[in-house]
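A.B. asks: First the structure, then my questions, so here it is.
The values are calculated or read from the model by the stated rules, or taken from the named source; none is laboratory data. Please read these numbers as outputs of a predicted model, since none were measured by experiment. Note that each Cβ is placed from the backbone with ideal geometry, even for glycine, and that neighbours are counted across all protein chains shown. Surface areas here come from the heavy atoms of the whole protein model, side chains and all, with no ligands, DNA or RNA. Shrake-Rupley method; radii C 1.70, N 1.55, O 1.52, S 1.80 Å.
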Amino acid sequence: MTAMRTRPTPDPAPPDPFERTLSVAGRRLRVAVRPAAPGPSGTPAPRPLVLVNGIGASLELLAPLVDALDPRREVIRFDVPGIGGSQLSTVPMPMAALTTLLADVLDQLDGLTGTSHRVVDLLGLSWGGGIVQQFALQYPRRTGSLALVSTGTGVMMVPARISVLARMLTPRRYNDPSYRRDAGREIYVGEDPDAVDALFARVKPVRARAYLHQLFALTTWTSLPVLPFITAPTLVLAGRKDPVIPIVNAHIMGSLLPRSEVHLHRGGHLGLLTRPGELGPVVESFLDRH
């Protein structure tokens, strides 16, 4: 009888050395700030970059991208209410309220890191792209450049197939590795399953109520009618094999955003995180040019 081979479980991520807890609008929010490394004398430091995560994901998911970014750039991540180490809100918060919460986080960091956060660059992955677009609309004078990654325009976008949407309505892929493997055949097309497993091994378990709060924010929001009012330089980064956000959404956003560039890659929904060495420089190059 042949012994059954089991796939080794990826090691969990070590504690983030840059993690801290802030009290924002009466809520405890977990924030991680990678400080900027010194650059050559006389060269200006890049603007701080805020990374906003996908639905259900704690800030650990973004670690591979942080490692791939210019060390001279301060990088800020945070857990939205109810996710990771952040306190759950009593009632669901709409996208505009979550955006105000992010602005309050940046105001607090001004007094803690010694870096100004009056103007920041922002990158939003999937669900997080909604907060980034909303931030650019609510706080145009605080917005530098944007990167919208594997994302769309909310409730008014070209949707995924029904079977894919059904997989996305539950947080089980975060909490159940066997379910994630099964669901991944539909939602993580174009990604190496081992790379996806390694990513998800980092993140915190997800509570159903917190996940529902995020679904509420997404399904009560759209940016489609107001995209022409986002004047910040914007990179739209999308995977050609992404079944979660069909690629036509990237073309629609690129045509409506006044100062946009569309970059298509050969991977799927999590391409920026499974291949940060390839796509991180694409983001850096765009931010540096603007």
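A.B. asks: Please work out how much length the chain gains when fully extended from Ser178 to Glu261, using 0.36 nm per residue of separation minus the C-alpha to C-alpha distance, in nm with one decimal. Walk me through the numbers before you get to the answer.
C.D. replies: Values: separation 83, 0.36 × 83 = 29.88 nm, distance 3.76 nm.
Answer, rounded to one decimal: 26.1 nm.
A.B. asks: Further, regarding this structure: Treating the Cα atoms of segment 216-290 as identical point scatterers in vacuum, please give the log10 of the normalised Debye intensity I(q)/I(0) at q = 0.16, 0.20, 0.23, 0.25 Å⁻¹, two decimals.
C.D. replies: Debye curve over Cα of segment 216-290, log10 I(q)/I(0) at q = 0.16, 0.20, 0.23, 0.25 Å⁻¹: -0.65, -0.97, -1.15, -1.21.
A.B. asks: Accessible area of the chain with a 1.4 Å probe: how many percent of it is carbon plus sulfur? Don't jump to the answer; show the numbers that get you there.
C.D. replies: On the way: 7470 of 12760 Å².
The computed percentage sits at 58.
A.B. asks: Right, something else. With Rg and the Kirkwood Rh both taken from Cα atoms, where does Rg over Rh land for the chain?
C.D. replies: On the way: Rg = 18.2 Å, Rh = 19.2 Å.
Result: Rg/Rh = 0.95.
A.B. asks: Just the number, please: Stokes-Einstein D of segment 83-226 in µm²/s, Kirkwood Rh from C-alpha pairs, 4 °C, 1.567 mPa s.
C.D. replies: Numbers: Rh = 16.8 Å.
Rounded to a whole number, D works out at 77 µm²/s.
A.B. asks: Any number yet on Rg/Rh for segment 144-290, C-alpha, Kirkwood? Write out the running numbers ahead of the final one.
C.D. replies: Values: Rg = 15.7 Å, Rh = 16.2 Å.
Result: Rg/Rh = 0.97.
A.B. asks: Now for a different question. For Glu186 paired with Asp288, estimate the spin-label separation in nm (one decimal), with each label point 7 Å from Cα along the Cα-to-Cβ line.
C.D. replies: 4.2
A.B. asks: Quickly estimate the mean residue ellipticity at 222 nm for the chain, helices only: each DSSP H run with n ≥ 4 gives -39500 (n - 2.57), and the total goes over all residues, rounded to 500.
C.D. replies: On the way: 11 runs with 105 residues, N = 290.
Here the helix-only value at 222 nm equals -10500 deg cm²/dmol.
A.B. asks: Leaving out ligands and nucleic acids, note down the accessible area per residue over segment 44-155 with a 1.4 angstrom probe, in whole Å². Numbers along the way, then the final one.
C.D. replies: Working: 3090 Å² over 112 residues.
So segment 44-155 comes to 28 Å² accessible per residue, rounded to a whole number.
A.B. asks: Sticking with this one: Trypsin sites (Lys or Arg not before Pro), restricted to segment 172-268: which are DSSP loop and have at most 16 other Cβ atoms within 10 Å? Display every interim value, and only then the final one.
C.D. replies: Working: sites: Arg172, Arg173, Arg180, Arg181, Arg185, Arg202, Arg207, Arg209, Arg240, Lys241, Arg259, Arg266; in loops: Arg202, Arg207, Arg240, Lys241, Arg259, Arg266.
Sites meeting the loop and neighbour criteria: Arg207, Arg240, Lys241, Arg259, Arg266.
A.B. asks: Let me ask something else about it. Got a sec? Charge dipole of the chain, +1 on Cβ for Lys and Arg, -1 for Asp and Glu; which of Gln214, Leu199, Ser86 is way out at the positive end?
C.D. replies: Gln214
A.B. asks: Across segment 154-170, in residue order, what do the Karplus-derived ³J(HN,Hα) couplings come to in whole Hz, using 6.51 cos²θ - 1.76 cosθ + 1.60 with θ = phi - 60° and x for Gly and Pro?
C.D. replies: x, 5, 9, 9, 6, x, 6, 4, 4, 5, 6, 4, 4, 5, 7, 7, 10
A.B. asks: In whole Å, what three semi-axes, largest first, describe the equivalent ellipsoid of segment 151-199 built from its Cα gyration tensor (square root of 5 times each eigenvalue)?
C.D. replies: Numbers: eigenvalues 88, 30, 19 Å².
Working from the Cα gyration tensor, I get semi-axes of 21, 12, 10 Å.
A.B. asks: Can you work out ³J(HN,Hα) from phi for every residue in segment 25-31, in order, using Karplus 6.51 cos²θ - 1.76 cosθ + 1.60 and θ = phi - 60°, giving whole Hz and x for Gly and Pro?
C.D. replies: 6, x, 10, 7, 10, 8, 10
A.B. asks: Follow-up question, since we're still on this one. What is the extension gain from Arg161 to Ala45, computed as 0.36 nm multiplied by their sequence separation minus the C-alpha to C-alpha distance, in nm to one decimal?
C.D. replies: Details: separation 116, 0.36 × 116 = 41.76 nm, distance 4.32 nm.
Extending this stretch completely gives an extra 37.4 nm.
A.B. asks: If you don't mind, another one. Per 0.36 nm of contour for each residue apart, how much would the distance between Ala103 and Leu224 grow if the chain were fully extended, relative to their Cα-Cα spacing? Please report the intermediate quantities before stating the final value.
C.D. replies: Values: separation 121, 0.36 × 121 = 43.56 nm, distance 2.24 nm.
Extending this stretch completely gives an extra 41.3 nm.
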